[in-house]
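*Asks:* To start, I am sharing the structure in question, which I have written as structure tokens.
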Amino acid sequence: MSQPVPVIHLENVTKRYPLSDGEFYQSLNGITLSIHTGEFVAIMGPSGSGKSTTMHIIGALDTPTTGKYLLKGKDISSYTDDQLAEIRNQEIGFVFQSFNLLSRTTVLKNVERPMMYAGIPQEERTKRAMAALELVRISEKANNLSNRISGGQIQRVAIARAIVMNPSIILADEPTGNLDTKTSHEIMTYFQNLNKEGKTIVIITHEEEIAQFAKRIIKIVDGKIVSDKKK
């Protein structure tokens with residue numbers, strides 16, 4: 001039987017950033033990894049290890065200097081900015097440590113935003129946004145302004161926004177970095193539940209305790225994978 005095509009496949013990916021003195025900073029040094037549909041993966045590493053660069057490439061926010069990135073079997077390494085923007089909106093849900101919500105806008109409108117870019121009609125937007133808010137148990141705050149709710153509630157809103165387009169992949173960059181332990185565990189339990197429903201989840205973290213919620217832990221040091229273990 002042939003192996004299923006990985007949803008994410010990086011092949012010998014390097015990333016270099018130019019410095020002001022004409023030199024280059026090498027962030028990734030030949031990363032090769034495959035992630036299959038339905039996996040829950042934590043990518044770990046110290047500050048400056050290349051884990052965030054890896055996430056930016058997986059999330060189509062950046063492109064490799066050399067190497068290939070295949071998303072669902074398609075090489076998107078040389079896609080245009082417009083093509084990458086469409087992939088980000090249709091295929092990938094993002095949850096950032098900084099939340100990236102519009103603070104003086106209601107919770108509901110924040111969750112509707114990705115659907116506005118996709119041209120989905122208002123009635124459908126409201127219905128899907130409310131369903132996503134109910135899933136993370138915060139629908140009662142739908143009409144609150146985003147700067148009038150707690151950090152844990154804001155992160156739940158960010159998760160609702162990430163799932164509202166029904167993406168095949170959810171990427172979370174340090175999703176519990178600003179939260180207390182109890183709230184962090186609640187948020188990670190939401191990710192586990194989404195994973196049980198079939199979502200592919202990739203989280204970036206430097207916290208061992210948070211990584212343990214995943215089923216597979218990849219460790220990156222100095223732009224190279226140093227371990228890749230399934231639990």
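Please treat every number below as a calculation from the coordinates, not as lab data. Values in this document were obtained by computation on a predicted structure and should not be read as measured data. Methodologically, a virtual Cβ is constructed for each residue, glycine included, from the backbone with ideal geometry; neighbour enumeration extends over all protein chains shown.
*Asks:* So what is the relative contact order of region 100-198, in percent, for Cα pairs below 8 Å that sit 6 or more residues apart?
*Replies:* Relative contact order of region 100-198: 32 percent.
*Asks:* Order these by the 10 Å Cβ neighbour count, fewest first: Ile225, Ile220.
*Replies:* Ordered from fewest to most neighbouring Cβ atoms within 10 Å, Ile225, Ile220 come out as Ile225, Ile220.
*Asks:* Further question on the same structure: Which of Leu133, Leu33, Leu171 ends up with the largest GNM mean-square fluctuation for the chain, with Cα atoms connected below 10 Å?
*Replies:* Leu33
*Asks:* Can you put Lys109, Lys68, Lys196 in order, fewest other beta carbons within 10 Å first?
*Replies:* By the 10 Å Cβ count, ascending: Lys196, Lys68, Lys109.
*Asks:* Helix 122-135: angle to the longest alpha-carbon principal axis of the chain, degrees 0 to 90, nearest 10?
*Replies:* With rounding to tens, the tilt is 80 degrees.
*Asks:* If you don't mind, another one. Mind computing the radius of gyration and Dmax over the alpha-carbon atoms of region 121-174? Å is fine for both.
*Replies:* That works out to 11.3, 33 Å for Rg and Dmax.
*Asks:* To continue, here is another question. Given the pairs Lys127/Lys215; Lys72/Lys127; Lys74/Lys199; Lys127/Lys230; Lys51/Lys74, which are separated by over 27 angstrom at their Cα positions?
*Replies:* Pairs exceeding 27 Å: Lys127/Lys215; Lys72/Lys127; Lys127/Lys230.
*Asks:* Right, next: Considering only Ser184, Ser78, Ser168, give the residue with the highest GNM mean-square fluctuation for the chain, with springs between Cα atoms whenever their separation is below 10 Å.
*Replies:* Among Ser184, Ser78, Ser168, the largest mean-square fluctuation in the Gaussian network model of the chain belongs to Ser78.
*Asks:* Name the most mobile residue of Phe96, Phe191, Phe24, meaning the one with the largest mean-square fluctuation, in a Gaussian network model of the chain with Cα contacts below 10 Å.
*Replies:* Phe24
*Asks:* Using the 10 angstrom Cβ neighbour count as an exposure proxy, how do His36, His9 rank, fewest first?
*Replies:* So the residues, fewest neighbours to most, are His36, His9.
*Asks:* Same structure again: For every helix of n ≥ 4 consecutive DSSP H residues, a contribution of -39,500 (n - 2.57) applies; sum these over the chain, divide by its total residues, and give [θ] at 222 nm rounded to the nearest 500 deg cm²/dmol.
*Replies:* The helix-only estimate for the chain comes to -10000 deg cm²/dmol at 222 nm.
*Asks:* On to the next question. Looking at the chain only, what percent of DSSP beta bridges run antiparallel? Nearest 5 please.
*Replies:* Here the share of antiparallel DSSP bridges comes out near 55 percent.
*Asks:* Which angle from 0 to 90°, rounded to the nearest 10, does the C-alpha axis of helix 151-163 make with the longest principal axis of the chain?
*Replies:* On a 0 to 90 degree scale, this one is about 70.
*Asks:* To continue, here is another question. With the convex hull built on the Cα atoms of region 126-231, state its orientation-averaged projected area in nm².
*Replies:* Directional mean of the projected Cα hull area for region 126-231 stands at 7.5 nm².
*Asks:* Antiparallel as a % of all DSSP beta bridges within region 165-231, to the nearest 5?
*Replies:* Expressed as a percentage, antiparallel bridges in region 165-231 total about 55.
*Asks:* Quick check: Cα centre of region 29-70 to Cα centre of region 150-223, how many Å?
*Replies:* 16 Å
*Asks:* On a 0 to 90° scale, report how tilted helix 81-91 is relative to the longest principal axis of the chain, with both axes built from alpha carbons and the result rounded to the nearest 10.
*Replies:* So the helix axis and the longest Cα principal axis differ by about 60 degrees.
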